[in-house]
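Notes follow the structure.
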Amino acid sequence: MAENKKRVSIGLTKSQYDLVEKLAKEKGFSKSAIFVLALEEYARKDSEQKK
């Protein structure tokens with residue numbers, strides 16, 4: 001079953017946008033996927049620190 005996804009709008013500086021665009025091209029992911037991966041990694045590290 002497909003997961004119900006929500007949309008989020010964020011504002012980035014030009015340098016932040018350029019960075020996410022560069023990472024997406026290098027990794028072969030969409031810009032959205034870069035943000036999702038970063039969020040999941042942040043949450044994982046935060047959870048580990050609280051242990």
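From the list LEU39, LEU19, the one residue that fits, being in a helix (DSSP H, G or I) and surrounded by 13 or more Cβ atoms within 10 Å (Cβ to Cβ), is LEU19.
Pairing residues of region 33-51 that are closer than 20 Å to SER9 by Cα with residues that are assigned to a helix (DSSP H, G or I), at Cβ distances under 8 Å and at least 6 apart in sequence or on separate chains, gives ALA33/ALA24; ILE34/VAL20; ILE34/LEU23; ILE34/ALA24; ILE34/LYS27; PHE35/VAL20.
Considering only region 1-9, I want to know if a residue exists there that is exposed (fewer than 10 other Cβ atoms within 10 Å of the Cβ) and part of a helix (DSSP H, G or I). Looking through region 1-9, none of the residues is exposed (fewer than 10 other Cβ atoms within 10 Å of the Cβ) and part of a helix (DSSP H, G or I).
Just so you know, all these numbers are worked out from the coordinates, no wet-lab data involved. Values in this document were obtained by computation on a predicted structure and should not be read as measured data. When we count neighbours, we look across all protein chains shown, and the Cβ atoms used for this are built from the backbone with ideal geometry, even at glycine.
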